[in-house]
Each structure stands twice: as structure tokens, then as C-alpha cells.
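S.K.: Sharing a structure, written as C-alpha cells. Questions coming.
Rule-based calculations on the coordinates, nothing more; no lab input. No experiment lies behind these values; they were computed from the predicted model shown. Glycine gets a Cβ as well: all are built from the backbone with ideal geometry, and neighbour counts include every protein chain shown.
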Amino acid sequence: MRNTARWAATLGLTATAVCGPLAGASLASPATAPASLHAPSALVLTVGHGESAATAVPLRAVTLTCAPKASGTHPAPDLACAELRGAGGDFVALTAGTGVLCTREYAPVVVTVDGVWQGRHLSYEHTFANECVKNAGSASVFTF
């Protein structure tokens with residue numbers, strides 16, 4: 001009987017210690033309303049030399065936030081966000097500028113994108129033949 005009482009007391013105190021703060025926090029703070037009517041769109045873009053993100057050393061990284069307004073460390077966030085909106089957030093659908101001539105050298109550059117686009121998780125990786133081809137891959141998104 002003594003062991004049963006000890007186990008019950010220990011279990012009760014453990015449950016109170018673990019669950020008590022969780023229950024109190026949920027009761028004490030009201031649910032917060034969304035800060036904006038726009039779904040979040042925040043991305044981290046990286047570029048590095050190599051054939052894949054697993055082996056490449058990142059050279060540069062920028063942030064790009066498109067909702068509620070264009071911002072981030074990307075050099076042209078307004079243009080990049082407009083280009084992404086035009087492609088529906090699909091990096092594969094981004095088109096290269098016409099009339100851009102690049103050398104045929106092979107110096108692979110890998111671009112990665114991770115984050116959220118209009119409320120959904122997004123992950124993208126693409127290897128370009130060289131820096132010129134990367135910059136020609138879009139009007140502004142990959143030029144950082």
C-alpha cells in the first residue's frame with residue numbers, strides 16, 4: 001500500500017510539473033490573430049561553386065521576403081518578388097533573358113532556395129554550368 005501511494009504521488013507531481021506550465025500558458029495567453037492577411041513568403045537563397053549543394057561551399061546567401069512587402073538582403077527584392085509572382089513561385093518556370101551570351105566553360109554553380117512561398121514550404125536546388133548562365137537564368141531572382 002505504501003509503494004502504491006508513493007507511485008501515485010510521484011506520478012501526480014510529475015504530471016503537474018510537466019503539464020502544469022503547458023496548461024497554464026495556454027489558458028493565460030489568448031490566441032493571437034495573424035499579423036497580416038497575406039500568406040508568408042520568406043526565402044533564403046544561397047549560391048556556391050560545385051555540382052551539388054551537398055558538396056558546394058556557399059559563397060553568398062541572401063534573404064528575400066515578398067509578403068506583406070518586398071524586402072530582405074537580396075539586391076533587388078522588388079524585382080525578384082515581381083518575377084517570382086509572375087512565375088507563381090515556381091523557380092523552374094523562371095525564364096532567361098534573351099540575347100545573353102555566355103561562354104561554354106564548365107565551372108558549376110549551385111543555387112539553393114529554402115523557405116516559404118505564399119504559405120507553403122519550398123525547397124529548390126539547381127546547378128548551372130557557370131556564373132553567367134546562373135545570372136541569365138532569371139531577370140533578377142538569381143542575380144545576387
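S.K.: If R₀ is 35 angstrom, what is the calculated FRET efficiency for the pair VAL100 and VAL57, using the beta carbon separation as r and rounding to 0.05? Please report the intermediate quantities before stating the final value.
M.R.: Values: r = 26 Å, r/R0 = 0.75.
Calculated value: 0.85.
S.K.: Mind giving me the nanometre distance, one decimal, between the label points for HIS126 and VAL92, set 7 Å out from Cα along Cα→Cβ?
M.R.: Going from the HIS126 label point to the VAL92 one covers 1.1 nm.
S.K.: Using 7 Å Cα-to-Cβ label points, what is the THR143/ALA107 separation (nm, one decimal)?
M.R.: Taking the two extended label points, one gets 1.9 nm.
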